[in-house]
Amino acid sequence: MMMSPSPDPLPLFRVAELLADPPQRHWLVQQVWARSALGIIGGAPKCGKSWLGLDLATSVASNTPCLGRFPVDDPGPALVYLAEDSLPAVRSRIQALCDHRRLTLSALDLFVIAVPVLRLDLIADQQRLMATLDHVRPRLLLLDPLVRLHRLDENSSSDISGLLGFLRELQRTYDTAIALVHHASKKHRAQPGQALRGSSDLHAIGDSNAYLARSKNGKLLLTLEHRAARPPDPLTLDLVSNPDGTATRLVVLSGTAATDSADPVATADSNAPLRERTLDALRHAQGPLRRADLRDRLRVNNERLGLALSQLEADNAIRRSPDGWVQASLS
């Protein structure tokens, strides 16, 4: 009787032989999303989850700071699918983000999946998504919302674990970050991830997760968590637009105290992000402003101001002249 051949052993490495990720390769977007991370953007309905996902995708595709604050470490193409928005609505949202950042929509390396239905539990749709990832090779895949992307029982651990296993395979095969927009209940939990609807596997799978909740004053609280890094403190956000309704986007609210000065910059909204306050100061100035002048006007420490100036300069919103900083549009 012939014996069946012994199976080959699994590949092994001594731990010292494993390649180490250099520190600069850890983040897709600093402090917000790890490189090639699979995770959840969660929250109750109407809490800005889609806006946060698109902000993240636009930042990666354009190499501009996420939420105007967090630099992108691994820029490249981004791929999005919004199951609940029409294609014109998706374009309108992304156009608003580009308007605020002074980006040209036609130059943005962001791709939109244009099918009416995508079911991640169907083999045919899985294969088409894999072919799309192989073609685009995105740094980030945004799927919004998860509930519209399958016909499984979200409370069934076996159903959800199979779906998440497929997404983990995508993440590892194509070396891409994946952000899943998913709903949470309004009930308070010790950890935000525990409020996600459905199986606890949804919380457990996350390498990077972002949770949005509406506070009593109507603002949004963003809580981040990472499997392999310390998260920043929770951030207060607001969804704002220009006075004419354009350039809708999420902004991080600062904690700078308001003043009673007659200076139009000092009496501006004390919760305005530092980048916008800096740009506003330069708009009201009679000429170039040196960094020390800006620091005094904005009552901010030198390190935070330096970061804001660097980001605005990278966005081509301001430029450095021999006499100080000015708006980029000024000669």
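Where a number appears in this text, it was derived from the coordinates with a stated rule and is not lab data. Remember, predicted model here, so these are calculated numbers, not experimental data. Here Cβ is always computed from backbone atoms with ideal geometry, including for glycine, and neighbour counts include all displayed protein chains.
Annotation: the antiparallel percentage among DSSP beta bridges lying fully within segment 15-140 is about 50. Diffusion coefficient (Stokes-Einstein, Kirkwood radius over C-alpha pairs, 20 °C, 1.002 mPa s) for segment 167-233: 161 µm²/s, rounded to a whole number.
Cα-based radius of gyration for the chain, normalised by 2.2 N^0.38 Å, reads 1.12.
Placing +1 on the Cβ of every Lys and Arg and -1 on the Cβ of every Asp and Glu, with nothing else charged, gives the chain a dipole about its Cα centre of roughly 560 debye. For the pair residue 236 and residue 105, the difference between a 0.36 nm per residue extended length and the Cα-Cα distance amounts to 44.4 nm. Straight-line cross-link partners of residue 219 among the aspartates and glutamates, defined as a Cα under 19 Å from its Cα and at least 8 positions apart when in the same chain: 55, 233, 238, 269, 276.
Roughly what % of Cα-Cα distances in segment 22-140 sit above 25 Å, to the whole percent? Beyond 25 Å sits 23 percent of the P(r) for segment 22-140.
Counting alpha carbon pairs within less than 8 Å and at least 6 residues apart, what relative contact order, in whole percent, applies to the chain? Once normalised by length, the contact order is 19 percent. Full extension of the chain segment joining residue 168 with residue 319 gains 50.1 nm, where the gain is 0.36 nm per residue of separation less the Cα-Cα distance. Mind jotting down the distance between the C-alpha centroids of segment 104-134 and segment 141-184, whole Å? First find each Cα centre; the distance between them is then 14 Å. Residue ranges 81-87, 107-113 sort as 107-113, 81-87 when ordered by packing (mean number of other C-beta atoms within 10 Å per residue, highest first). Report, for the chain, the % of DSSP beta bridges that are antiparallel, rounded to 5. So the antiparallel bridges amount to about 55 percent of the total. Extension gain, residue 301-residue 128: 0.36 nm per intervening residue step, less the Cα-Cα distance, totals 57.2 nm. Can you compute the label reach from residue 147? Point 7 Å from Cα along the Cβ direction, backbone N cut-off under 15 Å, restricted to segment 39-63. Residues 41-50 qualify, since their backbone N sits under 15 Å from the label point.
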